[in-house]
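Undergrad: Take this structure, written in structure tokens, and hold onto it; I'll ask about it next.
Laboratory data are not the source of any read-out in this text; all were calculated from the coordinates shown. Keep in mind it's a predicted model, so treat the numbers as computed, not measured. For neighbour counting, all protein chains shown are included, and Cβ atoms are generated from backbone atoms with ideal geometry for every residue, glycine included.
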Amino acid sequence: MRRGLIARSTAELPDAVFAARLDRVRAAMQAEGLDALLVYTNNTRPAGVSWLAGFVPYWSEAVLVVPRAGEPYLVAALSFRVKTWIERVSRLADVLHHPRVGLKAAQQIASTRADAVLGIVDLDGLPAGIADDLREGGPRLTLRDASALFATLRAVADPAEIALATKAAGIAHQALAAMHGENLNAMIGSVEREARSLGAEEIYLAAAPDLDRDTRFKRIEGEAPLGKRFALRATVAYKGAWVRLIRSLGEDAIMPEAATRFSQAVALLPDARGFADFRSFLIEGCRIAQPLEALMGSRVGAPTPPPSGALVAVQAALAINGETLLLGAPALIGQRGEAASLLVDPLFN
């Protein structure tokens, strides 16, 4: 369940942004012969619906229906008492409430055209119960997987999305720069408080308490003694945009060189050759509904290189003078051969 404030800003996400995205989606639906598009959402898979309508669930689940010839509407398992809140934070023609969201969505679609062709975004990842309810509610509906279609439309970030990611990166940077405390738990608490005060919708913090022993990030439960070098990773959401930022502490003298090497490697993306001398690296991005999905990296078996214009989260481990450091920051893949660029300086001064 989310804990931060979810509110819509028409200055940051005006109606024109959603209208332009929907125009592209409808054009693709027309080309594919789809009468409607369905996108599932819950608190772990918010990115598809938030991109099309601005809705981000605190909890529960919902499906967004995009008719080819009409405005999007949401079918939510949430009770009617939250209808006004959903309408206030989203751009939707209507909000329908039903405990079986698949059944209600199918009935609604079939009431307009019983034999409609319905494109399901991430059909393989759709909960089985919802898929069964779609077939029960619209027995003559044709269900098609629209994952590839949606991933192509979703991949390239528009100016509004870049601005929100930059804002989220700024929040993460300020929060990590404000880190203080006598132990790791106190430091984590100070970062979270700062991020919340700056307007973060959500923040997840993970730590590698002793880089000499283990460079893996983990959620901290109880006391965790710090080594001479440690790292903290902040995953921040702001208005549906998610970023990751990593700060290593304990060896300030080698941080400028590490940041330079990291920036140079990022500039070559989606070509990963810049990370050849790194201990490990990971590139994440949003393809469909997960805000940050592994796309390529030293431990990713089947890489999916991000296209030009995509927003990604980059994290890497590198060794300098025998000391291992972790760095991470969001980046924008360049257009037409341009270098990829970081959204925020990985150094903390």
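Undergrad: Among 322-329, 101-108, 46-53, 7-14, what's the highest-first ranking by average C-beta atoms within 10 angstrom per residue?
TA: Packing proxy ranking, top to bottom: 46-53, 101-108, 322-329, 7-14.
Undergrad: Give a residue-ordered list of calculated ³J(HN,Hα) values for the stretch 162-175 (Karplus: 6.51 cos²θ - 1.76 cosθ + 1.60, θ = phi - 60°; whole Hz; x for Gly, Pro).
TA: 4, 5, 5, 5, 5, 4, 4, 5, x, 4, 4, 5, 5, 5
Undergrad: With the alpha-carbon atoms as the only input, what is the per residue convex hull volume for the stretch 15-154 in Å³?
TA: With only Cα atoms used, the stretch 15-154 gives 94 Å³ per residue.
Undergrad: Given H placed on each backbone N at 1.01 Å, which residues far from His97 in sequence or on other chains put an amide H within less than 5 Å of it?
TA: The answer is Ala76.
Undergrad: ³J(HN,Hα) across the stretch 9-16 via Karplus (A = 6.51, B = -1.76, C = 1.60, θ = phi - 60°), whole Hz, x for Gly/Pro?
TA: 10, 6, 6, 7, 10, x, 4, 4
Undergrad: Rounded to whole Hz and in sequence order, give me ³J(HN,Hα) for the stretch 63-80 from the Karplus expression 6.51 cos²θ - 1.76 cosθ + 1.60, θ = phi - 60°, writing x for Gly and Pro.
TA: Residue by residue, the stretch 63-80 yields 10, 9, 10, 10, x, 5, 10, x, 7, x, 9, 10, 10, 10, 7, 5, 6, 4 Hz.
Undergrad: Count the lysine pairs in the chain whose Cα atoms sit under 24 Å apart, keeping only pairs 8 or more residues apart in sequence or on different chains.
TA: 4
Undergrad: While we're on this one: Over 24 Å apart: what share of the alpha carbon pairs of the stretch 159-342 falls there, rounded to a whole percent?
TA: 36
Undergrad: Can you give the net charge of the other residues whose Cβ lies under 14 Å from the Cβ of Leu22, counting K and R as +1 and D and E as -1?
TA: My count for the surroundings of Leu22 gives +2.
Undergrad: Mind listing the long-range amide H neighbours of Tyr238? Cut-off is under 5 Å, sequence gap 5 or more, other chains count too, H placed in the peptide plane at 1.01 Å from N.
TA: The list, which skips near neighbours in sequence, is Glu201.
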